Amino acid sequence: MGEWIAFWDSNHSIYVNARHKDVHYRAIAQDVLAWVPAGARVLDYGCGEALHAELIAARARELILCEAAPSLRDALAVRFADRRNIAVLSPDEVAAQPAGSLDVVVMHSVYLTPQELDALLVMFRRLSAPQGIVLIGDVIPPHVSAVTDALALLRFAAANGFLGAALAGLVRTLASDYWRLRSKFGLTRYEESAMVAKLAATGFAAKRAAANIGHNQARMTFVARPA
């Protein structure tokens with residue numbers, strides 16, 4: 001996971017332009033918002049730049065943004081310094097939160113080994129309130145390839161006015177650190193039944209959501225509740 005953290009902490013070009021980054025984060029925030037009840041205490045684990053976190057914070061009692069990449073986390077802390085109900089925490093600080101204190105946990109498009117995921121699910125189970133929910137988004141099924149991901153991006157780009165930049169960006173990606181890391185480590189994939197079983201093994205009753213969070217509907221989101 002360390003090399004992925006270093007990548008996200010770098011001046012990468014995974015977003016092809018500002019428009020792409022904006023609509024990417026807005027789509028995620030709007031999809032997550034559908035799961036957030038008013039007054040909830042929410043954790044976004046592996047939040048990235050969280051460009052539209054204010055949409056969720058407007059409904060939540062507290063929004064915790066957790067980011068492992070140090071420079072990115074520092075930038076988030078500066079950006080949200082004046083927002084009284086947004087806290088920016090490190091993974092260690094999240095792990096120190098009280099048991100049963102979170103109403104909604106979101107982890108979307110975070111690249112983990114199976115062992116890393118198991119450890120985080122155990123922590124999420126401990127931190128979840130009895131009626132809480134955990135959303136695990138952008139889970140990749142075994143049949144979904146990089147070509148499928150590219151086509152999903154192009155459809156998203158065409159619908160949001162950055163198709164030309166997306167085509168150029170895909171070419172750049174082939175020579176980027178992102179492609180090097182994806183080729184080196186791969187991305188862990190799960191059948192739907194395997195993810196449900198993994199969540200059950202850590203104390204959750206889970207099912208696949210009707211739609212994935214974000215633009216790529218070839219991937220999966222799972223909704224888990226304490227069993």
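The values are calculated or read from the model by the stated rules, or taken from the named source; none is laboratory data. The model shown is predicted, which means the values in this text are computed figures rather than measured ones. Please note: Cβ atoms are built from the backbone with ideal geometry, for glycine as well, and neighbour counts cover all protein chains shown. In case anyone asks, the SASA skips ligands and DNA or RNA and just uses the protein heavy atoms, side chains included. Shrake-Rupley method; radii C 1.70, N 1.55, O 1.52, S 1.80 Å.
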Write out, first by first residue and then by second, each pair whose Cβ atoms fall under 7 Å of each other, whose residues are 6+ apart or on separate chains, and whose first residue, in the range 52-70, is in contact (Cβ under 8 Å) with a residue 12 or more places away in the chain while the second is open to solvent by 50 Å² or more (accessible area, probe 1.4 Å) and among the hydrophobic types (A, V, I, L, M, F, W, C).
R59/A38; A69/W8
Verdict on L163 being at pLDDT 95 or above and farther than 30 Å from Q115 by Cβ
yes
Of everything in the range 81-99 that's assigned to a loop (DSSP other than H, G, I, E, B) and either touching a residue at least 60 places away in the same chain (Cβ under 8 Å) or in contact with a Leu (Cβ under 7 Å, 6 or more places away or on another chain) (or both), which residue is surrounded by the fewest Cβ atoms within 10 Å (Cβ to Cβ)?
A99
Identity of the residue in the range 139-155, of a type outside the set (D, E) and open to solvent by less than 30 Å² (accessible area, probe 1.4 Å), that ends up nearest to the chain's Cα centre (by Cα)
V139
Test A58 against the criterion of being under 19 Å from I28 (Cα atoms), among the hydrophobic types (A, V, I, L, M, F, W, C) and open to solvent by 40 Å² or more (accessible area, probe 1.4 Å), and give yes or no.
yes
Options V36, V42, V32; residue that is outside any strand (DSSP E or B), under 20 Å from G100 (Cβ atoms) and either more than 17 Å from the chain's Cα centre (by Cα) or of a type in the set (A, V, I, L, M, F, W, C) (or both)
V36
What pairs come out if I take residues in the range 150-161 that are within 9 Å of V23 (Cβ to Cβ) and assigned to a helix (DSSP H, G or I) and pair them with residues that are among the aromatic types (F, W, Y) and at pLDDT 95 or above whose C-beta lies under 9 Å away, six or more apart or interchain?
F156/F162
Scan the range 111-122 and give yes if some residue there is open to solvent by 30 Å² or more (accessible area, probe 1.4 Å), touching a helix residue (DSSP H, G or I) at 6+ places or on another chain (Cβ under 9 Å), assigned to a helix (DSSP H, G or I) and closer than 22 Å to Y178 by Cα, otherwise no.
yes
Restricting to the range 67-80, count the residues that are open to solvent by less than 70 Å² (accessible area, probe 1.4 Å) and among the basic types (K, R).
1
Assess whether I64 counts as being buried (at least 20 other Cβ atoms within 10 Å of the Cβ), of a type outside the set (F, W, Y) and assigned to a helix (DSSP H, G or I).
no
If you take the residues of the range 170-193 that are surrounded by 12 or more Cβ atoms within 10 Å (Cβ to Cβ) and over 28 Å from A209 (Cβ atoms), which of them is modelled with the lowest pLDDT?
W179
